[in-house]
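Below you'll find the structure, written out as structure tokens, and then a few comments.
The values are calculated or read from the model by the stated rules, or taken from the named source; none is laboratory data. These numbers come from a predicted model, not from an experiment. Reconstructed Cβ throughout: ideal geometry from the backbone, glycine too, with neighbour counts over all protein chains shown.
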Amino acid sequence: MEMEKSVAAKIKKVRNDIPDDLVSSILSKLSVKSLNRFGCVRKSWSSLFKNPYFMSMFCKNLLCQNHSYYKDTSLLQLETVTIDSELKFVLYSLSGERCQNKTKLDWPNLFEEADPEFDVVGSGSINGILCLVSKSQPNNRVVLWNPTTDEFKVVPISLRESIRYVDVEITRHGFGYVSIGDEYKLIRQVMYNLKSDIDNDIDDLSLEDVSYELFWEIYSLRSNSWRKLHSNVPYDYREDGICLDGMCHWLGEDGYDNDRVDEVYLLSFDLSKEAFLITPIPLECDNRIFQMAWKDLVVLNGFIALISHYTQNDAFHISVLGEIGMKESWTKLYIVSPLHCIERPITSENKRYIFSNVEDGTLVCIDLSTLMVEQLNFEGYRFWGKTIIYKQSSLPIGGINQ
């Protein structure tokens, strides 16, 4: 009994003798998820994110981690420009230390239009594959394309797109790879609208099975077919999202009446389990004391990151999510200001955030290790841009094991 007390006393003494700066150094090397979980071990650990000295070490270590997401990658830029009063969608490959070299890519135009409006799903390629989606309703075609091998696959049209007397609106696409099963999946939201020019004498019974509620459907490349998903998730979320590690994410916002603050959340879809998850975003990550211009999702070194821009002081608040489904795991890492010339983020590349200045089309970046802003290149005209992280791959579109 006396021996047990002695051992316990020695363990307590050793624990108390560990210098606080050494503890901080060790903890600063943990992931956001682990650090949030370890906060319950000691009360002082739960408040480390409020300690400027600790946060400086933590952010430095976070940026030093070379996540595989960025290994051997390049940047592609999708631009929407107005030339001779006509809207053009152009895809470029960016190269050079300052992204000053631009090469126009000849992507497979299979959308049955001369100059189609299109988008690239997500913020990066999936095993070298880009998912191209037509934005010209009712043409909802989807093309999978590997720029490295120039292989492409036209996704078949769903049977739910050919219902008579109904306009079909398709939005909010997500595309990813599921390692279990070795297959690619595509998810999207569908809404039916009754055509305004239909004959009033049509048989109402022909439309009795058509629901005008929003629904989701999912495509499996392995089966080459679409299925309707049965889910009950909120409707108010951004059309453009990000795809990471077999999950698709969109930023959601539910409004309240009487000028109350909106409830902001992350809507995620697990492509493997085919299930939705909602992660609330705490007000401290989205404070409304200052007027907010916009907020967006990006990927920062393998983490889901939320960037909020406040117009009153031109500040950017950058928070990352430690664990999906855990509201408390959102952690604010940076407050960068003033940045009055910046319009909104496009994407991130390792330690940098790439932004677009819509006043003159300039691409600039912020190096989060120095908080310095650097101009990358000059376009000469205003444009809407989206930058995509691309990683070359010679794997076939059919699957990794094909």
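Any residue at all in region 378-388 that is at pLDDT 70 or above, farther than 23 Å from residue 121 by Cβ and of a type in the set (Asp, Glu)? Taking every residue of region 378-388 in turn, none turns out to be at pLDDT 70 or above, farther than 23 Å from residue 121 by Cβ and of a type in the set (Asp, Glu). Scanning region 101-111 for residues that are over 25 Å from the mean Cα position of the chain (by Cα) and in contact (Cβ under 8 Å) with a residue 40 or more places away in the chain yields one hit, 110. Of the residues making up region 98-112, just one is among the basic types (Lys, Arg) and surrounded by 15 or more Cβ atoms within 10 Å (Cβ to Cβ), namely 102.
Condition check: within 25 Å of residue 119 (Cβ to Cβ), charged (D, E, K, R), modelled with pLDDT under 80 and not assigned by TED's automatic domain parsing to the domain that holds residue 266. Does residue 374 satisfy that? So residue 374 does not fit the description; no. Taken over region 113-126, the criterion of being of a type outside the set (Gly, Ala, Ser) and surrounded by fewer than 16 Cβ atoms within 10 Å (Cβ to Cβ) is satisfied by 113, 115. Consider residue 356 carefully, then state whether it is among the hydroxyl-bearing types (Ser, Thr, Tyr), at pLDDT below 75 and closer than 21 Å to residue 49 by Cα. In short, no. Across region 162-175, the qualifying residues are those that are closer than 15 Å to residue 226 by Cα and crowded, with 18+ Cβ neighbours inside 10 Å, and the one among them that is modelled with the lowest pLDDT is 170.
The set of residues from region 189-248 being touching a helix residue (DSSP H, G or I) at 6+ places or on another chain (Cβ under 8 Å) and at pLDDT 85 or above comprises 190, 217, 226, 228, 244. Do we find that residue 175 is of a type outside the set (A, V, I, L, M) and closer than 24 Å to residue 215 by Cα in this structure? Considered against the rule, which asks whether it is of a type outside the set (A, V, I, L, M) and closer than 24 Å to residue 215 by Cα, residue 175 comes out as yes. Checking each residue in region 32-55 for being modelled with pLDDT of 75 or more and assigned to a loop (DSSP other than H, G, I, E, B) picks out only 51. Right, residue 160: farther than 23 Å from residue 386 by Cβ and assigned to a helix (DSSP H, G or I) or not? Taking the combined requirement at face value, the residue satisfies it.
Each residue in region 75-90 was checked for being at pLDDT 75 or above, crowded, with 16+ Cβ neighbours inside 10 Å and of a type outside the set (D, E, K, R), and 7 pass.
Considering (1) touching a strand residue (DSSP E or B) at 6+ places or on another chain (Cβ under 7 Å); (2) modelled with pLDDT of 70 or more, the lone condition that residue 70 does not fulfil carries the number (2).
Considering 95, 158, the condition of being exposed (fewer than 15 other Cβ atoms within 10 Å of the Cβ) and touching a Ser or Thr at 6+ places or on another chain (Cβ under 9 Å) is satisfied by 95 alone. Condition first: surrounded by fewer than 16 Cβ atoms within 10 Å (Cβ to Cβ), part of a loop (DSSP other than H, G, I, E, B) and modelled with pLDDT under 75. Can you find one or more residues in region 262-285 that meet it? The answer is yes, given that some residue of region 262-285 is surrounded by fewer than 16 Cβ atoms within 10 Å (Cβ to Cβ), part of a loop (DSSP other than H, G, I, E, B) and modelled with pLDDT under 75.
For region 128-140, the tally of residues that are under 22 Å from the mean Cα position of the chain (by Cα), over 16 Å from residue 240 (Cα atoms) and either at pLDDT below 90 or in a loop (DSSP other than H, G, I, E, B) (or both) stands at 1.
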